[in-house]
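Visitor: Have a look at this one before I ask anything.
The values are calculated or read from the model by the stated rules, or taken from the named source; none is laboratory data. Only a predicted model underlies this, so the values are computations on that prediction, with no experimental measurement involved. FYI the Cβ positions are ideal-geometry reconstructions off the backbone, even for glycines, and counts take in every protein chain you see.
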Amino acid sequence: MWSSIDYWSWMPSMHISYYHKFSGDTLINLTEYSKAWEATDEFYTNWILKGNIR
């Protein structure tokens, strides 16, 4: 898992942290991919599927 942040210099109090992880597998056209997930809460409770990676 890793994280990144969006920060706007013209609005210092505004920023969003993103947490990313790969978890689980899926088959697309008989090719196996890992699922790419993203959360924006610091407690990692609401993961959203963002795509797949090979």
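Visitor: Being of a type in the set (D, E), touching a His at 6+ places or on another chain (Cβ under 7 Å) and modelled with pLDDT under 95 narrows it down to one of D41, D6, so name that one.
Guide: Details: D41 fails: touching a His at 6+ places or on another chain (Cβ under 7 Å).
None of the other options fit; the residue is D6.
Visitor: Restricting attention to the stretch 1-51, and to residues there that are part of a strand (DSSP E or B) and of a type in the set (S, T, N, Q), which single residue is surrounded by the most Cβ atoms within 10 Å (Cβ to Cβ)? Spell out how you get there, then give the answer.
Guide: In the first step, residues of the stretch 1-51 are kept if they are part of a strand (DSSP E or B); the result is 2-7, 15-28, 31-39, 48-51.
The next check asks that each one be of a type in the set (S, T, N, Q); those that pass are 3-4, 17, 23, 26, 31, 34.
On the way: S3: 11, S4: 10, S17: 13, S23: 11, T26: 11, T31: 9, S34: 15.
Filtering first and then ranking leaves S34.
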